[in-house]
Amino acid sequence: MLIDVRVSPKASRNALTGWHAGALKVSVTAAPERGKANEAVEALLAGLLELPRGAVRVVAGETARNKRVEIAGLEAAELQARLRTVMEHTPARHL
């Protein structure tokens with residue numbers, strides 16, 4: 001399953017912050033250098049979706065704020081349900 005993600009690096013906290021133009025908005029504390037922000041995005045999403053770290057991978061937009069992220073092991077409906085649960089219970093989920 002592929003999703004679009006809009007990343008804000010060097011944020012004050014790691015969090016899902018909502019949706020923007022159909023993309024999941026994610027803030028990470030890591031700087032956008034040497035893949036650190038991408039790794040932080042992958043780790044954050046894997047943790048929130050309760051998936052193994054290797055199941056989440058940035059596949060496009062490695063050096064851009066707009067990224068395409070592949071999530072393995074979940075069907076579209078299950079992914080949407082998990083994201084909805086996370087966003088409803090904690091609109092700005094902090095980790």
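Per residue, how many Å² of accessible area does the chain show with a 1.4 Å probe?
On a per-residue basis, the chain sits at 57 Å².
As an exercise, find the ratio Rg/Rh for segment 35-95 from alpha-carbon atoms, using the Kirkwood inverse-distance average for Rh.
0.96
Ignoring any ligand, DNA or RNA, what whole percent of the accessible area of the chain comes from carbon and sulfur when the probe is 1.4 angstrom?
Percent of accessible area from carbon and sulfur atoms in the chain: 49.
Please compute the modelled spin-label separation between Ala76 and Ala31, points set 7 Å along Cα→Cβ, answer in nm with one decimal.
My value for the distance between the label points is 4.0 nm.
Treat every Asp and Glu Cβ in the chain as -1 and every Lys and Arg Cβ as +1, leave all other atoms uncharged, and give the resulting dipole magnitude about the Cα centre to the nearest 20 debye.
It comes to approximately 360 debye.
The values are calculated or read from the model by the stated rules, or taken from the named source; none is laboratory data. Since we're looking at a predicted model, the values are computed, not measured. Note that each Cβ is placed from the backbone with ideal geometry, even for glycine, and that neighbours are counted across all protein chains shown. Each accessible area value is taken on the protein alone, full model and side chains, heavy atoms only, with ligands, DNA and RNA left out. Shrake-Rupley method; radii C 1.70, N 1.55, O 1.52, S 1.80 Å.
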